[in-house]
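The values are calculated or read from the model by the stated rules, or taken from the named source; none is laboratory data. As the structure is a prediction and not an experimental result, all values here were calculated from the model. Reconstructed Cβ throughout: ideal geometry from the backbone, glycine too, with neighbour counts over all protein chains shown. To get the accessible areas, we keep the full protein, side chains included, count just its heavy atoms, and leave off ligands, DNA and RNA. Shrake-Rupley method; radii C 1.70, N 1.55, O 1.52, S 1.80 Å.
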Amino acid sequence: MSQAAGRIYALLDPRDKVIRYIGQTTKAVEERLAGHLSSPAGKVAPWIIELKAVGLEPLITTLREGVPVTELLAAEQEEITRRVVAGEPLLNQASTAAGRRIVERKQAELAASQRESAWAAMARTCREALGGPLPPGDLSALPLQGAVQEALLRLQVEEDPDSEALTGGLSSQIQLLRTQQRVSEELWGSCRPAWARLRGADDGLDFHLASLVSHVARRPAEPAGVALRYLSLVPWAVCAVAPWAALAQRGGMSLEPAAFSAWASRDTNVAAALSDLGSYYPEIFTVLASRESPNDRWRASSHLAAAVAAHTSGQIPEAMAPDVRAVLREIARDKMLTPAMAELLASLDPRALEEIFGPDAARAADAQLGLPPGTAVRVLQFMLECKGVGHLGVLDRLVARASQKLPSTPYPDYSTWYGRGVPSARAITVSLAGAGLAALPDGCSWPQVLNELQAMWETA
């Protein structure tokens, strides 16, 4: 054979005839095999030694013949990449990098597709179980008629290229942007106290509320009444609609207003409110969904999915398990799991009780001090029930751990809680109760609970 050409060869395991190594050579394949046997190297060495120990040696075969020497390296890498992508267990080291990258990318794409499919199925389950976002209720108009009307008139003047207001050597575009910024700040200043109830439950909402208010400054041609209707719906959207928008987005569903509104609810009041929001701000459902960060452990969409799954099938697809496990752990720390949610977390994460609440110190104290079993936890419970002893959070966790099961409550009542995610958590709890999937507080009807929640996003 001419030295100007070579060949691509493969080493096979004689036990199952599976290709384990691919190489290139300008020598005869028998001579190249002898080289491998006399001086095995890299990851091939342990394999050849293993075969020799049982009296075997690799088989060699030619894959491509007559390859120009200048093309041998490219042909070898092409053959390796193709086989690695196909899943063949090659022992080649550096030469498999390109194939591994392709495999990793395909695996990542497959995992993303599986997650999206799982979230899409869960979104449909949530929609069937709960019917969509809770209704906004009878929202009173914000006391901003004059302020909004004046702001919109100022914006209309600034948009007029012939306006005398364009002074100071500024271009009309810069002047308009400055006016929009001032109007946005003024409107937000007027809305902040009007939304005190919602903001009082989660002041982390301020940035998102302010950004939604700023959209009014970009719609000067709209009548003041339309702008006021939009503003009155914003707190409800951030609290009750955002988890559904995020759930739909994670399932790859459309957040275009007409499509999302048609999917999210068949309730006429909810559908009308969603339509009003979407017609005024077409990107609003995408904006609401983006409030969730993929790095958040407490994501409202995960909470919604976990709650519905726990109270219906009790099953979570593996592709969703990490997200659901993370949010259930956070809820467990607050001792706001329903019994069904506690059971779901225990099935997803058997070590959750110990990792969240620590070791069972009460049981250890009984054993070490020679006390009857259960003595230490009864003392801790007594201390917790005593009035005026101050903050006993550590004792609370010890008692929870001593229960030997994740603490739960029939109705997770967040009505007196404050913090990120609390408004949406309240909305999810009320939705579960309204659908008959969770208990109501003692002595309360669902309309009462719903009215109490709706007051949170009403004008203060």
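Any residue at all in segment 88-111 that is among the basic types (Lys, Arg), assigned to a helix (DSSP H, G or I) and in contact (Cβ under 8 Å) with a residue 60 or more places away in the chain?
If we filter segment 88-111 for residues that are among the basic types (Lys, Arg), which is where we start, we get 100-101, 105-106.
Going one step further and asking which of them are assigned to a helix (DSSP H, G or I), we end up with 100-101, 105-106.
After this cut, where a residue has to be in contact (Cβ under 8 Å) with a residue 60 or more places away in the chain as well, the list is none.
No, the conditions are met nowhere in segment 88-111.
Scan segment 202-245 residue by residue and report those that are in a helix (DSSP H, G or I), over 22 Å from the mean Cα position of the chain (by Cα) and over 20 Å from Leu274 (Cα atoms).
Correct list: Ala217 only.
Filtering segment 99-123 down to residues that are open to solvent by less than 40 Å² (accessible area, probe 1.4 Å) and modelled with pLDDT under 90, which residue is nearest to Gly6 (Cα to Cα)?
That would be Gly99.
Taking segment 20-46 as the search range and keeping residues that are within 23 Å of Val69 (Cα to Cα) and open to solvent by less than 30 Å² (accessible area, probe 1.4 Å), which one is nearest to the chain's Cα centre (by Cα)?
Across segment 20-46, the extreme among qualifying residues is Ile22.
For segment 438-456, give me each residue that is in contact with a helix residue (DSSP H, G or I) (Cβ under 8 Å, 6 or more places away or on another chain), part of a loop (DSSP other than H, G, I, E, B) and open to solvent by 50 Å² or more (accessible area, probe 1.4 Å).
Leu440, the sole residue that qualifies.
Answer with yes or no whether Leu72 is surrounded by 19 or more Cβ atoms within 10 Å (Cβ to Cβ), in contact with a strand residue (DSSP E or B) (Cβ under 6 Å, 6 or more places away or on another chain) and on the phi < 0 side of the Ramachandran plot.
Values: surrounded by 19 or more Cβ atoms within 10 Å (Cβ to Cβ): yes; in contact with a strand residue (DSSP E or B) (Cβ under 6 Å, 6 or more places away or on another chain): yes; on the phi < 0 side of the Ramachandran plot: yes.
Answer is yes for this residue.
For the structure I just gave you, tell me whether Leu406 is over 21 Å from Leu344 (Cα atoms) and in contact (Cβ under 8 Å) with a residue 12 or more places away in the chain. Break it down into steps so the answer makes sense when it comes.
Working: over 21 Å from Leu344 (Cα atoms): no; in contact (Cβ under 8 Å) with a residue 12 or more places away in the chain: yes.
In short, no.
Between a first residue in segment 417-433 that is farther than 16 Å from Gly131 by Cα and in contact (Cβ under 8 Å) with a residue 12 or more places away in the chain and a second residue that is part of a loop (DSSP other than H, G, I, E, B) and open to solvent by 10 Å² or more (accessible area, probe 1.4 Å), which pairs have beta carbons less than 6 Å apart while being 6 or more apart in sequence or on different chains?
Close Cβ pairs satisfying both conditions: Gly421/Trp298.
Which members of segment 77-87 meet the condition of being assigned to a helix (DSSP H, G or I) and either buried (at least 19 other Cβ atoms within 10 Å of the Cβ) or within 34 Å of the chain's Cα centre (by Cα) (or both)? Step through it out loud before you land on a result.
Taking segment 77-87 first, the residues assigned to a helix (DSSP H, G or I) are 77-85.
Across segment 77-87, the qualifying residues are Gln77, Glu79, Ile80, Thr81, Arg83, Val84, Val85.
Of the conditions (1) open to solvent by less than 50 Å² (accessible area, probe 1.4 Å); (2) under 21 Å from Leu328 (Cβ atoms), Ser403 satisfies every one except a single condition; which number is it?
(1)
Inside segment 212-241, can you point out the residues that are over 15 Å from Ala194 (Cα atoms), open to solvent by 10 Å² or more (accessible area, probe 1.4 Å) and small (Gly, Ala, Ser)?
Once the filter is applied, which keeps residues that are over 15 Å from Ala194 (Cα atoms), open to solvent by 10 Å² or more (accessible area, probe 1.4 Å) and small (Gly, Ala, Ser), segment 212-241 yields Ser214, Ala221, Gly225.
All but one of (1) at pLDDT 95 or above; (2) aliphatic (A, V, I, L, M); (3) open to solvent by 20 Å² or more (accessible area, probe 1.4 Å) hold for Ile49, so report the exception by its number.
Condition (1) is where Ile49 drops out.
Which one of these is in contact with a Ser or Thr (Cβ under 6 Å, 6 or more places away or on another chain) and surrounded by fewer than 24 Cβ atoms within 10 Å (Cβ to Cβ): Ser265, Ser279, Ser275? Don't jump to the end; show me each part of the working.
Values: Ser265 fails: in contact with a Ser or Thr (Cβ under 6 Å, 6 or more places away or on another chain); Ser279 fails: in contact with a Ser or Thr (Cβ under 6 Å, 6 or more places away or on another chain).
None of the others qualify; the one that does is Ser275.
Tell me which residues, restricted to segment 88-98, are out of contact with any helix residue (DSSP H, G or I) (no Cβ under 8 Å at 6 or more places or on another chain) and surrounded by 15 or more Cβ atoms within 10 Å (Cβ to Cβ). Steps first, please.
Applying the first criterion (out of contact with any helix residue (DSSP H, G or I) (no Cβ under 8 Å at 6 or more places or on another chain)) to segment 88-98 yields 88-89, 93-94, 97.
Answer for segment 88-98, where residues must be out of contact with any helix residue (DSSP H, G or I) (no Cβ under 8 Å at 6 or more places or on another chain) and surrounded by 15 or more Cβ atoms within 10 Å (Cβ to Cβ): just Glu88.
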